[in-house]
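Participant: There's a structure below that I have some questions on.
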Amino acid sequence: MCGIVGYVGPKPMKGVLLSGLRRLEYRGYDSAGIAVEQDDKLLLVKVTGKIHELEQRLAGVDMEGSAGIAHTRWATHGEPNDANAHPHTGCNDRIALVHNGIIENYQALRTLLLERGHHFSTKTDTEVLAHLIEEYLEKDEECPLDDAVRLALQEVDGTFGVVVIDHNNPGQLVVARRGSPIVLGVGENENFVGSDSAAFAEHTRDIIYLNDDEIATITASDYTVKTLQDEVCNPIVEEITWELDRIEKGGFDHFMLKEIHEQPQTVEDAMRGRVHPDLCEVKLGGLEEVHDILVSAERIIFTACGTSWHACLVARRLIEDFVRIPVEVEYASEFRYSRPVFNKGTVLFAVSQSGETADTLAALRLAKDEGIPVLGVVNSVGSTIARETDAGVYLHAGPEIGVASTKAFTSQVTVLSQIALLMGRLNGRLSKKRCEGILHEIVRLPGKIRSILDDTGSISEIAEVFGRVNNALYLGRGYNFPVALEGALKLKEISYIHAEGYPAAEMKHGPIALIDDDMPVVVLAPGDQIYPKVISNIEEIRARKGRILVIATEGNETIRDLADWVIFVPKTLDCFYPLLTVIPLQLLSYYVAVARGCDVDQPRNLAKSVTVE
Ligand code: M6R
């Protein structure tokens, strides 16, 4: 939530900051701004709207100082307008700062600052921090910028990723973090800051993940990292693990479409070097050290949000089937404020694409504080959840830029399947023979996904019809109930059509009242064990004149008699159908959104990485 960029160095400042902002626009896009220290002054420009509005405003403006900061916002406090956009300044415009996070005690601080004569020009929580820092600098002319930032941060409650610039300290940025991600980019005679490394990946591959409660001072030639208690740290310089083409559209109209089409590759990457059908073995390097915990696990809790939560629902069935231990799936936002009962043998998995979701992070910290082993299934390498879990498995799907999650879901299900298989073999409840059969099938899935993607013609035609409705129902059972939820989420978040996902048999307990000609129903009916029951549910809809799109298994010609439209997926094992049936639903929502003229990659009100609760 919110994208932050900072740069100190000799390159054209405006260009570096704007290209960084464009890379981070997926994190928030309601307003944007930039501040550059130039000739001992701060130049500040802020606009409502997306980055291209800022670019237009800056056309022809000279902004070539030696240090600069920029921000793309997802509003929390104060509506999106020019004033509330970041960077924010104090009364005297000496410093400017960009912030991601929430200052929870901002009301109290604002009252105190008003009493001390400060005046405010925005409705944001962030502005208090600018006033506090400026006050420390002005109280003591000798006060170094990092000390002023440190002292001011001691007064705030809440979360922050913050970058500060001061025209009295040219060529320098001070950066601090608690709860909101910050990465430093280390270059040759230049240094960078970003909310994630995409902000500067084209300039340097060397990065430092700032930890919570750390503060860094960067100049073009140097950087120092300390704790907020002023102890010197020895940061580790790591390398960006993904290639630059992963954050380019690569000829596709949208990131979402590109990411949908990447799935044969990303699903394969999620099992590369891990799945060995001939040896009947799953090797997950990240979990090797915790095999003893997995063997003795008596209960699993999954916690996640949104699409990742749907992947956990699939994992529940996988683990209950292969490992035969009880599994709970918890919304992280609910779990973090509950009083969960943890007993011996409980293991918690936090599942997250970004690895920065505030609620998921809080949920895992709750379990960790209770001494429960916490494991992660995360895409973003080096992210906070990845670092705070005891062990875990990366998805290796590469950056996901489209706000609607697609490839992360299929990679999560692929990795969670492997975890279930590994645990089942470790505790002996999954036979070698059954495991062998499953492993021989899992490696065929990338090819099966590819075959669905090779024939998408009918999906765009069906999308024309769905594009004209206001409501849709998604039904599935067994392994495909979570896919119904995921299909409905995809449709609502990018096309703004109201959609509900339901277990198909629950329909007659209420939602069936909604069915009429205006509300199409998507039914997931692959040829799995529950198929005959799903057919009965389809008949119930037909009897009420509902229009039906069925996702069925290739070769099932009789289904055509029961449906208005059919999309076929290849045959697979019951447990792997979610990896196939979700693909047409992703494409359907994409084409519906395009047909309705929606902004597919940056849907209204949303942001990719939800770093506030
Ligand atoms: O990064 P995470 O996987 O933790 O994110 C969780 C949700 O915010 C995310 O899946 C969200 O629901 C997406 N917009 C779904 O497309």
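The values are calculated or read from the model by the stated rules, or taken from the named source; none is laboratory data. Being a predicted model, the structure only gives us computed values, none of them experimental. Glycine gets a Cβ as well: all are built from the backbone with ideal geometry, and neighbour counts include every protein chain shown.
Participant: Here is a list of conditions, (1) in a loop (DSSP other than H, G, I, E, B); (2) within 22 Å of the chain's Cα centre (by Cα), and A32 meets all of them except one; can you say which number that is?
Facilitator: If we test A32 against (1) in a loop (DSSP other than H, G, I, E, B); (2) within 22 Å of the chain's Cα centre (by Cα), just (1) comes out false.
Participant: Ok, one more. Determine which member of the set L430, L439 is assigned to a loop (DSSP other than H, G, I, E, B), more than 16 Å from the ligand (Cβ to nearest atom), buried (at least 17 other Cβ atoms within 10 Å of the Cβ) and more than 26 Å from the chain's Cα centre (by Cα).
Facilitator: Among L430, L439, only L430 is assigned to a loop (DSSP other than H, G, I, E, B), more than 16 Å from the ligand (Cβ to nearest atom), buried (at least 17 other Cβ atoms within 10 Å of the Cβ) and more than 26 Å from the chain's Cα centre (by Cα).
Participant: Please state which of the following conditions P80 fails to meet, knowing it meets all the rest: (1) part of a loop (DSSP other than H, G, I, E, B); (2) free of Cβ contacts under 8 Å to residues at least 60 places away in the same chain; (3) under 22 Å from Y209 (Cα atoms).
Facilitator: (3)
Participant: Something else now. Considering only residues of region 307-346 that are crowded, with 22+ Cβ neighbours inside 10 Å and of a type outside the set (A, V, I, L, M, F, W, C), which is farthest from the ligand (Cβ to nearest atom)?
Facilitator: H310
Participant: Taking strands (runs of 3 or more DSSP E) that fall entirely within region 190-231, which contain at least 1 residues that are in contact with a strand residue (DSSP E or B) (Cβ under 9 Å, 6 or more places away or on another chain) and under 14 Å from V8 (Cα atoms)?
Facilitator: 191-194, 214-218, 223-227
Participant: Taking A216 and the conditions (1) of a type in the set (G, A, S); (2) closer than 16 Å to V149 by Cα; (3) at pLDDT below 95, which numbered condition does it fall short on, given that it satisfies the others?
Facilitator: It fails just one condition, (3).
Participant: Applying the selection to region 363-396, what residues are under 17 Å from F335 (Cβ atoms) and in a strand (DSSP E or B)?
Facilitator: Those that are under 17 Å from F335 (Cβ atoms) and in a strand (DSSP E or B): V374, L375, G376, V377.
Participant: Answer with yes or no whether V415 is away from the ligand (no atom under 11 Å from the Cβ), β-branched (V, I, T) and not in a loop (DSSP other than H, G, I, E, B).
Facilitator: yes
Participant: Would you point out the residue of region 328-362, among those that are part of a strand (DSSP E or B) and aliphatic (A, V, I, L, M), that is farthest from I401 (Cα to Cα)?
Facilitator: The residue in question is V347.
Participant: Considering only residues that are assigned to a strand (DSSP E or B) and without any contact (Cβ under 8 Å) to a residue 60 or more places away in the chain, which ones fall in region 282-327?
Facilitator: Selection gives R299, I300, F302, A304, V327.
Participant: In region 178-206, what count of residues is obtained for those that are surrounded by fewer than 22 Cβ atoms within 10 Å (Cβ to Cβ) and of a type outside the set (S, T, N, Q)?
Facilitator: Final tally of qualifying residues: 10.
Participant: Looking at (1) surrounded by fewer than 20 Cβ atoms within 10 Å (Cβ to Cβ); (2) under 23 Å from N189 (Cβ atoms), which one does A216 not meet, given that it meets all the others?
Facilitator: So A216 meets the others, but not (1).
Participant: Another question, then. Give region 268-306 a look and list any residue that's polar (S, T, N, Q) and within 16 Å of the ligand (Cβ to nearest atom), or say none.
Facilitator: T303, the sole residue that qualifies.
Participant: Let me ask something else about it. Within the group A332, A350, A367, A363, which residue is under 23 Å from A420 (Cα atoms) and in contact with a Pro (Cβ under 8 Å, 6 or more places away or on another chain)?
Facilitator: So the residue among A332, A350, A367, A363 that is under 23 Å from A420 (Cα atoms) and in contact with a Pro (Cβ under 8 Å, 6 or more places away or on another chain) is A367.
Participant: A further question on this structure: Please enumerate the residues belonging to region 347-358 that are within 13 Å of the ligand (Cβ to nearest atom) and buried (at least 24 other Cβ atoms within 10 Å of the Cβ).
Facilitator: F349, A350, V351, S352, Q353, S354, G355, E356, T357
Participant: From the list S451, S460, pick out the single residue that is touching a Pro at 6+ places or on another chain (Cβ under 9 Å), surrounded by fewer than 23 Cβ atoms within 10 Å (Cβ to Cβ) and farther than 24 Å from A297 by Cβ.
Facilitator: S451
Participant: Checking L485 against (1) in a loop (DSSP other than H, G, I, E, B); (2) within 16 Å of the ligand (Cβ to nearest atom); (3) not polar (S, T, N, Q), which single condition isn't satisfied?
Facilitator: In the conditions (1) in a loop (DSSP other than H, G, I, E, B); (2) within 16 Å of the ligand (Cβ to nearest atom); (3) not polar (S, T, N, Q), L485 misses (1) alone.
Participant: I've got another one for you. Return the residue satisfying two criteria in turn: it lies in region 494-506 and is assigned to a helix (DSSP H, G or I) and buried (at least 22 other Cβ atoms within 10 Å of the Cβ), and of such residues it is nearest to the chain's Cα centre (by Cα).
Facilitator: This residue is I494.
Participant: Give L24, L43, L58, L18 a once-over and let me know the one that is surrounded by fewer than 24 Cβ atoms within 10 Å (Cβ to Cβ) and closer than 24 Å to E400 by Cβ.
Facilitator: Only one candidate passes the filter, namely L18.
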